[in-house]
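The values are calculated or read from the model by the stated rules, or taken from the named source; none is laboratory data. Computed from a predicted structure; not experimentally measured. In this analysis, Cβ positions are derived from the backbone assuming ideal geometry, glycine residues included, and neighbour counts consider all displayed protein chains. All accessible areas refer to the heavy atoms of the entire protein, side chains included, with ligands and DNA or RNA removed. Shrake-Rupley method; radii C 1.70, N 1.55, O 1.52, S 1.80 Å.
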Amino acid sequence: MKQRAPWQRTHTCGELSLAQKDRDVVLNGWIENHRHHGQLIFLDLRDRYGVTQIVVDQEAKGLAAGTFDTVRRLGAEDVIAVHGRVRARDADKQNKNRSTGEIEVLATAVTVFTEAETPPFEILDKAEANEELRMQYRYLDLRRRPLQEAMAKRARFVTAIRNYMAEHRFLDLETPILTKSTPEGARDYLVPSRVHPGKFYALPQSPQIFKQLCMVAGLDRYYQIARCFRDEDLRADRQPEFTQIDLEMSFVEEHDVLDLVEGMVVHGMREGFGIELPQPFPRFDFEEAMETYGCDKPDLRFEMKLIDCTELARRSSFKVFAGAVELGGIVKGICAKGAAEKFSRKGIDELTAFVAGLGAKGLAWAKVTAAGLEGSIAKFYEGDKAKELCAHMAAAPGDLLLFVADQKRVVHKALGDLRLKVGGQLGLRDPKQFRCCWVLNFPMFEWNDEKQRWQFAHNPFSAPVDWSVQDFTRDTAQIRSRAYDFVMNGWELGSGSIRIHRPALQAKVFEFLGISPEQQRANFGFLLDAYKYGAPPHGGIALGVDRLVALALGRDGIRDVIAFPKTSMAFDLMADAPGGVSPEQMAELQIASTAKRPG
RNA sequence: GGGGGCGUAGCUCAAUUGGUUAGAGUACCGGACUGUCGAUCCGGUGGUUGCGGGUUCGAUUCCCGUCGCCCUCGCCA
């Protein structure tokens, strides 16, 4: 039988109920609250599992000598052991808000492990202190129930993912944290090498190349809950280090990866958060997503699709419409169901300003009534024309129609963002609803205006949809890659592709982008070499764990679901990192700082 | 790198056109209290108004700089 020290808990603070009535128990935990009534003291004792009320009664039989005086001096966040007996509470003394509210523990003795100074902020469910202070004392913030729950659910989710991956024959393989800098992509975090003076490791932006090498190695199915590092400016949904579910599979095509990941996400959401995702996840061609939703990461919690009105507009007496079409542009609209009454003239002016900020020249609008249309385009659409337009837009009385006429890119950007804004204002973006989809066949290259050259849209290893493409200079913008994104509620949560596994094709892609054979060798030489020795066709994906957990828990940012996050200046307020190092350390690494104001 | 917001007691906030000794709630400390559960009641401690400078008879308030936090554009293959 297992040894238990006298002070060690027999139960947690969340598990006692009438089932343990009259049992002698020991609880360990933090004092959340204390209420003094002279000869009677109540303590709320908290641990990860819950809160149990402790009663210390000076008159109680069996109360150890001195205990009452000890307890009288205790305060919030002191850590104690309570010895006592479980007692049923009278009906009028029960606390219905607590799972342990039907019982309490009548103390016989108390052991004080540590007394706590008054914390810089109170440990309450509702975060009352500002985030800066809470990050500085993160270990106190983490005591709060919402964060404890977030951490527990995140851990449960990750465990579910691991189980799922193991069941599907994936090997959890570790890849280097100290690796090599590559010029493309995000800025690297660098680590100086002591034994190679003047040389640096880079922390991985992702395990991309290593996981592909695992495929060349014949390991067949790789996954890792991998930490990734990117030295770019932060946002609410971006931290300098973040976690990905990274995976790669051999001898597969898109649907193999998509099917597997779909199952994984469904399993993880169910086991981790109790969320049932509607299946199957729709799969959109990139082009289709852009045409229908105006963006490559559609929020499918509501419809309000972009409807092409270019042909109707072409023969319109409304010059803005006809004129835009004449200049090679398009006209599209959205129909906000039942929204006519929810948007005043002022509300629509605000939407107009919104799309203007996105590059649109204006916003044409109409409210649908039983009699016809009202609004900026009403006089151009009367009688049958109004009916025709409404039929085309599938609009009914009470609906609000919004149109943008411009070049395709502008229309999609403006209406895509407008759709999200209007959907949000109509309460259609319910954080408790979860809708996933896939977007496939992204453009392979995109034009970088600043650098005046083509660059990878996804990553350098994504295969073109058409294997036989020989000349990337022709119709470059039309070339599609076998890249896919996983999207939930309008958030891009994952990105992957079927890779190039033929060295000749890979070299051609690099060549097109102006990466010289020397640079190729220097940066990716080991991958290109590896491909010479028999690379299987393969593909994979990486999913952002932090974003996924934040979304599942309805949090606005990922800091809430990371135990020890950094500020938007990539600073760790608790650890005070980054920090200075001694001249000796610098000398040993043979590096010097050119910073004007060190530290 | 650009734009916006915030910074006053341990914490959350208030303070009139620039005007007396910078207030309140809470926490904390002391006291009362045997059924509370964010206990209640009485009393008390607690301030470099982020930091530096300027304007002024006088600055929490106005101006300049600086630091920190948050949001955002650029950036994030």
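Given the conditions (1) more than 22 Å from the chain's Cα centre (by Cα); (2) away from RNA strand B (no atom under 14 Å from the Cβ), report the number of the one that residue A:443 does not fulfil.
Of everything listed in (1) more than 22 Å from the chain's Cα centre (by Cα); (2) away from RNA strand B (no atom under 14 Å from the Cβ), residue A:443 misses just condition (2).
Test residue A:79 against the stated conditions and say whether it is under 26 Å from residue A:146 (Cβ atoms) and β-branched (Val, Ile, Thr).
yes
Looking at region A:90-127, which of the residues that are surrounded by 14 or more Cβ atoms within 10 Å (Cβ to Cβ) and among the acidic types (Asp, Glu) is farthest from RNA strand B (Cβ to nearest atom)?
Residue satisfying both the conditions and the ranking: A:102.
Tell me the helices (runs of 4 or more DSSP H) entirely within region A:285-357 that contain at least 1 residues that are open to solvent by 40 Å² or more (accessible area, probe 1.4 Å) and under 28 Å from residue A:465 (Cα atoms).
It comes to A:286-293.
Kindly indicate which of A:246, A:237, A:256, A:231 is open to solvent by 20 Å² or more (accessible area, probe 1.4 Å), under 17 Å from the mean Cα position of the chain (by Cα) and of a type outside the set (Lys, Arg).
A:237
When region A:160-185 is examined, which residues are found to be part of a loop (DSSP other than H, G, I, E, B) and surrounded by 14 or more Cβ atoms within 10 Å (Cβ to Cβ)?
A:168, A:170, A:173, A:175, A:177, A:180, A:181, A:182, A:184, A:185
Do you know which of the residues in region A:46-72 that are more than 7 Å from RNA strand B (Cβ to nearest atom) and either of a type in the set (D, E, K, R) or in contact (Cβ under 8 Å) with a residue 60 or more places away in the chain (or both) is farthest from residue A:125 (Cα to Cα)?
Here the residue is A:61.
Are any of the residues in region A:179-198 at negative phi, among the acidic types (Asp, Glu) and within 11 Å of RNA strand B (Cβ to nearest atom)?
Yes.
What strands (runs of 3 or more DSSP E) completely inside region A:406-472 contain at least 2 residues that are more than 28 Å from residue A:262 (Cα to Cα)?
The strands (runs of 3 or more DSSP E) meeting that bar are A:445-448, A:453-456.
Among (1) more than 14 Å from RNA strand B (Cβ to nearest atom); (2) over 19 Å from residue A:123 (Cα atoms); (3) open to solvent by 10 Å² or more (accessible area, probe 1.4 Å), there is one condition residue A:87 misses while meeting the rest; what is its number?
Against the list (1) more than 14 Å from RNA strand B (Cβ to nearest atom); (2) over 19 Å from residue A:123 (Cα atoms); (3) open to solvent by 10 Å² or more (accessible area, probe 1.4 Å), residue A:87 comes up short only on (1).
For region A:18-41, give me the residue count where each residue is open to solvent by 40 Å² or more (accessible area, probe 1.4 Å) and touching a residue at least 40 places away in the same chain (Cβ under 8 Å).
Count: 9.
Among the residues of region A:416-458, count how many are touching a strand residue (DSSP E or B) at 6+ places or on another chain (Cβ under 7 Å) and open to solvent by less than 70 Å² (accessible area, probe 1.4 Å).
Qualifying residue count for the region: 21.
Hey, can you tell me all the residues within region A:209-232 that are within 8 Å of RNA strand B (Cβ to nearest atom) and either in contact with a helix residue (DSSP H, G or I) (Cβ under 9 Å, 6 or more places away or on another chain) or free of Cβ contacts under 8 Å to residues at least 24 places away in the same chain (or both)?
Listed by number, the list holds a single entry, A:209.
Considering each residue of region A:228-271, count those that are part of a loop (DSSP other than H, G, I, E, B) and charged (D, E, K, R), and give that number.
Adding up the residues that qualify gives 6.
Pick from region A:2-45 the residues that are farther than 14 Å from residue A:99 by Cβ, in a loop (DSSP other than H, G, I, E, B) and hydrophobic (A, V, I, L, M, F, W, C): which of them is farthest from RNA strand B (Cβ to nearest atom)?
Top of the filtered list is A:5.
Only one of (1) part of a helix (DSSP H, G or I); (2) more than 6 Å from RNA strand B (Cβ to nearest atom) fails for residue A:132. Which number is that?
(2)
Examine region A:377-389 for a residue that is out of contact with any Ser or Thr (no Cβ under 7 Å at 6 or more places or on another chain) and under 21 Å from residue A:486 (Cα atoms), and state whether such a residue exists.
no
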